[in-house]
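In what follows, a single structure is set out as structure tokens and then discussed.
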């Protein structure tokens, strides 16, 4: 296990460092772990992580949807990156949809917990998820996947890695999936309308120019189709990216990059563009001290049903310092952001790791985060889901500010890993919809206007244990406790992820020289989840927040999988989901209830010689 930690390099913290020497509180999901799960979606990977919550469900968004919450905060406070670039998707107000990222082409996933606006600016109040795709190495590789499952679900993908020569490499990936979608009990208007068809391509070209320059250019493209209320709805995502790493000298390097994202969807008439160039300089003063400084610019154009087109631009500058001092590793950062009419924001952070022994590491961190009000939060006008509740923006909103303190203790030796984390977050000017009375244009409708009305507190802890029983057999167990409240009223915030218990057992057994069997079984149990319902029942007192709280039913989701590997080239797999057949409730901006029944997937993987 220690060898694995030495080999893994953390990219999301911007100053690349081995996981074993990272002072931040980080979890990494490796390619090996993803393969062992034989996951059908990205959400399946996250449900076995402590300190991380997965939810789904939307009244009118894309059917296949999953959003991530970190440290008990709502999913819209989690910043999702693909290879370090900001990701944009449908229904942004409730979080970024990770299900639009093909699981077959993921090399690893980094999760950094805590406020990280010092590195990335607005939106990283809860933490960062950096999804790193597979890239061509020195040898040619090709991989073909084919699967079929319940609800007329079919998926096929092809990955091709081709070294053109010693200094140029080409990575290509394409996938196609269609499904009738999971069966719903609620909402009524989505029953039988969860179908989708997705086509995704991911392409990248890497080159070495001379001895000191490396460059890349990549393009991700998605086309999605669904039928909603008997009308075909199309969506597309275009995400080009380019960058250069110029090693000017042994101690100094420059890295200019350009990120661009364009999301367009017939559903809710979404049209979102993000242009994000950045240039940074890294100074390696010694083997133990690295400083990174840079500037960036973000221009975000946004329009949606009930939201007229507006553009928000942001200028930012940041500096980070990483220092190794005997048994201590210290990382500090500060960032300046200027968002149009908003006063300048300074976001500092610091993290410290103390290596008590070779096996015990103690970590502590503190950081400031902020969220600049989005176009939708500022300018939305009378958006609803067909009931009496209508949602409104507020052009006078102030930014949300957070302060997060975290502490962690890690024990890693041989075949055992134990991790205990604790966190505490305070949020000022929290943005939530508040009852604004009857709508003057139609008094039968209720106005819910976004306001900076709350100071919030979020706190919790998590425990993770990984034990390799013997070679090839591993047990993982985790528990997460979270609690939040309005600091003024004592009531819960709009989203409370409750407590989560997860357990996973996986193994690999050699049968013969050319055949081995892999298997896993996992249990995820969610307890005490609650969320606000913006369409409260008739007779509910609109100004009473407790009347909005909807308890979500506890559930235990049992999954299992079996993989038969032949000659290192063929793999046949079988997965079973929701084996206990329990209904699963979710509530983002709309209540959904997934029908409790088991479903299955079979797959074939072929790795070309």
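For this structure, a couple of remarks:
- Strands (runs of 3 or more DSSP E) completely within the range 451-567 that count 3 or more residues being under 24 Å from the mean Cα position of the chain (by Cα): 473-486, 499-510, 515-527, 530-532, 555-566
- Boolean, residue 5 is closer than 25 Å to residue 602 by Cα and modelled with pLDDT under 90: no
- Residue within the range 220-239 that is closer than 30 Å to residue 16 by Cβ, surrounded by fewer than 18 Cβ atoms within 10 Å (Cβ to Cβ) and either without any contact (Cβ under 8 Å) to a residue 24 or more places away in the chain or under 26 Å from the mean Cα position of the chain (by Cα) (or both) present: yes
- Of all positions in the range 59-78, at least one carries a residue that is in a loop (DSSP other than H, G, I, E, B) and free of Cβ contacts under 8 Å to residues at least 40 places away in the same chain.
- Residue match in the range 181-204 (condition: surrounded by fewer than 18 Cβ atoms within 10 Å (Cβ to Cβ), under 26 Å from the mean Cα position of the chain (by Cα), modelled with pLDDT under 95 and not in a loop (DSSP other than H, G, I, E, B)): yes
- The sole residue among 342, 334, 319, 279 that is within 24 Å of the chain's Cα centre (by Cα) and surrounded by fewer than 20 Cβ atoms within 10 Å (Cβ to Cβ) is 334.
- Filtered by the rule that a residue be out of contact with any helix residue (DSSP H, G or I) (no Cβ under 8 Å at 6 or more places or on another chain) and assigned to a strand (DSSP E or B), the range 362-376 gives 362, 363, 364, 365, 366.
- Sole exception among (1) closer than 19 Å to residue 292 by Cβ; (2) in contact (Cβ under 8 Å) with a residue 12 or more places away in the chain; (3) not in a strand (DSSP E or B) for residue 253, by number: (3)
Each row is one residue, and each column tells you yes or no for (1) more than 22 Å from residue 238 (Cβ to Cβ); (2) surrounded by fewer than 23 Cβ atoms within 10 Å (Cβ to Cβ); (3) without any contact (Cβ under 8 Å) to a residue 40 or more places away in the chain; (4) in contact with a helix residue (DSSP H, G or I) (Cβ under 6 Å, 6 or more places away or on another chain).
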position: 84; (1), (2), (3), (4): no, yes, no, no
position: 96; (1), (2), (3), (4): no, no, yes, no
position: 115; (1), (2), (3), (4): yes, no, no, no
position: 122; (1), (2), (3), (4): yes, no, no, no
position: 150; (1), (2), (3), (4): yes, yes, no, no
position: 179; (1), (2), (3), (4): yes, yes, no, no
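- Summed over the range 9-46, the residues that are under 16 Å from residue 97 (Cβ atoms), part of a loop (DSSP other than H, G, I, E, B) and under 15 Å from the mean Cα position of the chain (by Cα) give a count of 1.
- For the criterion of being in a strand (DSSP E or B), touching a strand residue (DSSP E or B) at 6+ places or on another chain (Cβ under 8 Å) and within 18 Å of residue 61 (Cβ to Cβ), residue 226 passes.
- Single residue of the range 124-137 satisfying the filter (in a strand (DSSP E or B) and in contact with a helix residue (DSSP H, G or I) (Cβ under 9 Å, 6 or more places away or on another chain)) that is surrounded by the most Cβ atoms within 10 Å (Cβ to Cβ): 127
- Filtered residue count, the range 256-275, keeping only those that are within 25 Å of residue 234 (Cβ to Cβ) and either in contact with a helix residue (DSSP H, G or I) (Cβ under 6 Å, 6 or more places away or on another chain) or assigned to a strand (DSSP E or B) (or both): 13
Conditions (1) in contact (Cβ under 8 Å) with a residue 12 or more places away in the chain; (2) within 25 Å of residue 376 (Cβ to Cβ), marked per residue:
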residue: 267; (1), (2): yes, yes
residue: 280; (1), (2): yes, no
residue: 286; (1), (2): no, no
residue: 290; (1), (2): yes, no
residue: 307; (1), (2): yes, yes
residue: 314; (1), (2): yes, yes
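Let's see how each residue does on (1) in a loop (DSSP other than H, G, I, E, B); (2) at pLDDT 90 or above; (3) touching a strand residue (DSSP E or B) at 6+ places or on another chain (Cβ under 8 Å):
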site	(1), (2), (3)
88	yes, yes, yes
110	no, yes, yes
119	no, no, yes
139	yes, yes, yes
145	no, yes, yes
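A quick yes/no check of all residues on (1) surrounded by fewer than 16 Cβ atoms within 10 Å (Cβ to Cβ); (2) in contact with a strand residue (DSSP E or B) (Cβ under 8 Å, 6 or more places away or on another chain); (3) within 24 Å of residue 70 (Cα to Cα); (4) modelled with pLDDT of 95 or more:
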{"site": "391", "(1), (2), (3), (4)": "no, yes, no, no"}
{"site": "430", "(1), (2), (3), (4)": "no, yes, yes, no"}
{"site": "433", "(1), (2), (3), (4)": "no, yes, yes, no"}
{"site": "436", "(1), (2), (3), (4)": "no, yes, no, no"}
{"site": "444", "(1), (2), (3), (4)": "yes, yes, no, no"}
{"site": "452", "(1), (2), (3), (4)": "no, yes, yes, no"}
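- Residue tally, condition crowded, with 17+ Cβ neighbours inside 10 Å and outside any strand (DSSP E or B), over the range 282-307: 1
The values are calculated or read from the model by the stated rules, or taken from the named source; none is laboratory data. As the structure is a computational prediction, the values presented were derived from the model and not from experiment. All Cβ positions, glycine included, derive from the backbone under ideal geometry; neighbour counts span all protein chains shown.
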